[in-house]
Each structure stands twice: as structure tokens, then as C-alpha cells.
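K.L.:
What follows is a single structure, and I will ask about it in a moment.
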Amino acid sequence: MVEVSTSILSIDKEKAVRTFYDLEVAKTDYFHIDVMDGKFVEKNTRKQMKEYALEIKHISNLPLDVHLMVEDIKKNIEDYIPLEPDRITFHIETIKSKEEALEIINLLRENNIKIGIAVNPETDIKEMYDLLEYAHMALVMTVVPGKGGQKLIPETIKKVEVLKEYINLHDLDIDIEVDGGINEETAELAKDAGANILVAGTYITSSDNFKERIEKLK
Ligand code: DX5
Ligand code: ZN
């Protein structure tokens, strides 16, 4: 079964609460929270994403899928622990050693938060193999992280295929999430390659019919 995680990155402040409500009615499976620190990527969305996540917690029981595009992973995890997210994903590019990764993984485990590990388009997928046995989800970035509304980079689909093969070969139980430039056409490619969670921002939130868009993706 494929699930849809709606990125709330590009939602207008004035319409935010209403939009969150409508997304729940339209049956998004997750809210995808894009936390950026102005260092790992140019934009800084920390304050706004935290406000949005708190608003969502007030009106919805749907799970939060937190995507950290930050250098200081631990500090940002601490920020989200009180919100009881379903999963938190951090980038392999920001990890300096396996020990550091295991510390982060333990922090998430102790707080019953599922573990996601992300790779950028230019990073070799093999970089994450060593940590996959600890992860619940692998996030393959299908655009260079930093902003919504970009075009999917076709080469990233091949990475999903390679990852899926590796997961099958090693009999791992891991979700594969894709993020960036997902629409009804690219969703097809990502699903065929083995992805089972699709993050979509503008494709869903720029429409006036969220339900139709989410169903099309599935
Ligand atoms: C990119 C973010 C994505 C992105 C998705 O840095 O991680 O979640 O905002 O937005 P769309 O679907 O518009 O590419
Ligand atoms: Zn994201």
C-alpha cells in the first residue's frame, strides 16, 4: 500500500489551519514537516514549521512525518519530542561518524519515534547501507533540498530501484519515501521503482481539490 505525506512547507500562513483541516478530510496519511536551519539549506523554516506542527497537533491526530534538513540534529529532535511525531528523518550528509548516528538513533528510540534516514540526490545511496538495519524508513530526495515546487531529478529514480533491491536482498523491513517534485506522473515512476511513501507539497496544496490529488498519487 502506498501512503501520501503532504508537505506543508508552501502553505500560506493565513490559510494554514483551514488547510490542515482540509488535508485531514482529504485523507492525507501524514503531515510532512520540512525543518530547515539556514545552514544545511539556505532557508530557515524552524520557527514556522514548529508553529504549524503545534497547530496540527491541536486539530488532528494524524501522524507527523518530520524531515530535518539541519546540521544540529539533536537540538531539532529535542524541539519535536513534545509533539510526539511518528517519525523523524535526518540527513546522512550531516552525520560525522557512526557513533554520532547511533546516538541520534538511540535518542529517537527512547522516545518511541520512528527513525528515518535521508540522502540527497548527489549522495551515493551506499552511504546509508550501514545504518539501514536501525531505520524504519529511507528517504530518497528526488530534488536538491531547500524549497518546494522543483522538478524531480530523473536519476534519483534509479537510486530508489537500487535501494529497493538492497532492502529485499537483506530482508529488511523499511519504508522507502521519496520527496520532491512528486506529481501523478513522477509518482508512477517512484512507485514502480519501489517507493511506498510519497511526499508531495505543491502538487497537492496548489490544487483546490486535495482529495482528488491524493487519490491520484495513490
Ligand atoms: C524540499 C522538501 C520537500 C518539498 C516538497 O526541500 O524536503 O518536502 O518541499 O515539495 P514539492 O512537492 O513541491 O516538491
Ligand atoms: Zn521534505
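Read-outs throughout are calculated quantities, based only on the coordinates presented, and are distinct from any laboratory measurement. None of these values were measured; they are calculated from a predicted model. Quick reminder, even Gly has a Cβ in these numbers, built from the backbone with ideal geometry, and neighbours come from all protein chains shown.
K.L.:
By how many nm would the segment from LYS151 to LYS75 grow when fully extended, if each residue of separation counts as 0.36 nm and the alpha-carbon distance is taken off?
P.N.:
Extra length available between LYS151 and LYS75 comes to 24.3 nm.
K.L.:
Which FRET efficiency, nearest 0.05, do LEU83 and ASP124 yield, Cβ-Cβ r, R0 45 Å?
P.N.:
0.85
K.L.:
Still on this structure, please answer the following. Just the projected area, averaged over all directions, of the convex hull on the alpha carbon atoms of segment 101-218: how many nm²?
P.N.:
7.8 nm²
K.L.:
Let me ask something else. Would you mind working out the magnitude of the charge dipole of segment 3-217 relative to its Cα centre, with +1 at each Lys and Arg C-beta and -1 at each Asp and Glu C-beta, to the nearest 20 Debye?
P.N.:
Computed charge dipole of segment 3-217: roughly 540 debye.
K.L.:
Grab the DSSP H runs of the chain that are 4 residues or longer, score each as -39,500 (n - 2.57), total them, divide by all residues and round the 222 nm result to the nearest 500 deg cm²/dmol.
P.N.:
For the chain, the value works out to -11000 deg cm²/dmol.
K.L.:
For segment 202-218, what does the Karplus curve 6.51 cos²θ - 1.76 cosθ + 1.60, with θ = phi - 60°, yield as ³J(HN,Hα) per residue in whole Hz, taken in order and with x for Gly and Pro?
P.N.:
Per residue, the Karplus-derived 3J(HN,Hα) values read 4, 4, 8, 6, 8, 8, 9, 10, 4, 4, 4, 5, 5, 5, 4, 4, 6 Hz.
K.L.:
Next question, about the same structure. Residue by residue, what Karplus-based ³J(HN,Hα) values in Hz, rounded to whole numbers, does segment 41-58 have, using 6.51, -1.76 and 1.60 with θ = phi - 60° and x for Gly and Pro?
P.N.:
Going residue by residue, I get 10, 5, 6, 10, 10, 4, 5, 5, 5, 5, 4, 4, 4, 5, 4, 4, 4, 6 Hz, with x marking Gly and Pro.
K.L.:
Whole-Hz ³J(HN,Hα) for each residue in segment 3-18, computed from phi via Karplus 6.51 cos²θ - 1.76 cosθ + 1.60 with θ = phi - 60°, x for glycine and proline: what do you get?
P.N.:
These are the phi-based 3J(HN,Hα) values: 10, 10, 10, 8, 6, 9, 3, 9, 7, 5, 4, 5, 9, 4, 4, 4 Hz.
K.L.:
Going by amide H atoms built from the backbone, whose H comes under 5 Å of the H on LYS114, apart from near neighbours?
P.N.:
Under 5 Å from the amide H of LYS114 lie the amide H atoms of ARG87, ILE88, each far enough along the sequence or on another chain.
K.L.:
Using the Kirkwood formula over every pair of different C-alpha atoms, what hydrodynamic radius in Å results for the chain?
P.N.:
One decimal place: 17.1 Å for the Kirkwood radius.
K.L.:
Here is a follow-up. Would you please give the residues with an amide H less than 5 Å from that of LEU139, counting only those at least 5 places away or on a separate chain, with H modeled from the backbone geometry?
P.N.:
Answer set, sorted by chain and number: ILE117, ALA118, VAL119, GLU177.
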